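The structure under discussion appears below in the form of structure tokens.
The values are calculated or read from the model by the stated rules, or taken from the named source; none is laboratory data. Source: prediction; values computed, not measured. Neighbour counts are summed over all protein chains in view; Cβ atoms, including those assigned to glycine, are modelled from backbone coordinates with ideal geometry. Protein only, heavy atoms only, side chains kept; ligands, DNA and RNA dropped before computing areas. Shrake-Rupley method; radii C 1.70, N 1.55, O 1.52, S 1.80 Å.
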Amino acid sequence: MKIYLFKNNKDNSVKQKIIYLGSIKTKKNNSLKVFTSFLNLGGKGNSQLIFVSIKRKVFKYYMNLPSDLPFKIYRNQLYFKNYETKETKSIKIDTLRNIFCTPFECF
């Protein structure tokens, strides 16, 4: 896992945190690099789950909150945590579509 932080040099009101979680293989053996991104716009935010294929095709999914993003990859699965119930669940990626569903909700 690698973490990248970017800040607006003027007043630091805009901050972005990008986390490279690692690579996964789909059931069709396609390799995807997995990133999460949270952009803080001084009170408002933007959370994204990003997949990049070997052919550099980018799949972006906008999530509601940073807590909706996966927090790790283990044994080729993405892990998500429901912070209200403290429940942790994982999923394997089959194919990427227009909608992305975590174990807790769809985006």
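Odds and ends about this structure:
- Per atom type, the chain shows carbon and sulfur on 49% of its accessible surface, probed at 1.4 Å.
- With one equal scatterer per alpha carbon and no solvent term, the Debye-computed log10 I(q)/I(0) for segment 40-80 at 0.30 1/Å reads -1.04.
- The stretch between ARG75 and ASN98 holds 5.8 nm of extra length on full extension. This uses 0.36 nm per residue minus the Cα-Cα distance.
- Ranked by solvent-accessible area (1.4 Å probe, protein heavy atoms only, all chains present), the residues MET63, MET1 order from largest to smallest as MET1, MET63.
- Figure note: GLU84, GLU105 ranked by solvent-accessible area, largest first, 1.4 Å probe, ligands and nucleic acids not counted: GLU84, GLU105.
- Note on LYS25 and SER67: with the Förster distance fixed at 25 Å, the Cβ-Cβ geometry gives a FRET efficiency of about 0.45.
- Evaluated over the Cα positions of segment 1-47, the convex hull gives a direction-averaged projected area, one quarter of its surface, of 3.8 nm².
- At 0.890 mPa s and 25 °C, Stokes diffusion of the chain via Kirkwood alpha-carbon radius, µm² per second: 168 µm²/s
- Counting Lys and Arg as +1 and Asp and Glu as -1 over every other residue whose Cβ lies under 10 Å from the Cβ of GLY22, the net charge comes to +3.
- The phi-based Karplus calculation (6.51 cos²θ - 1.76 cosθ + 1.60; θ = phi - 60°) puts the 3J(HN,Hα) values of segment 63-71 at 9, 6, 9, x, 5, 7, 7, x, 10 Hz, whole numbers, x for Gly and Pro.
- Measuring against 18 Å, Cα to Cα, the residue pairs LYS60/LYS89; LYS28/LYS92; LYS27/LYS92; LYS15/LYS89; LYS2/LYS55; LYS17/LYS60 contain LYS60/LYS89; LYS15/LYS89; LYS2/LYS55 as the ones spanning a longer distance.
- Between LYS86 and LYS44, the distance separating the two model label sites (each 7 Å from Cα on the Cα→Cβ line) works out to 3.5 nm.
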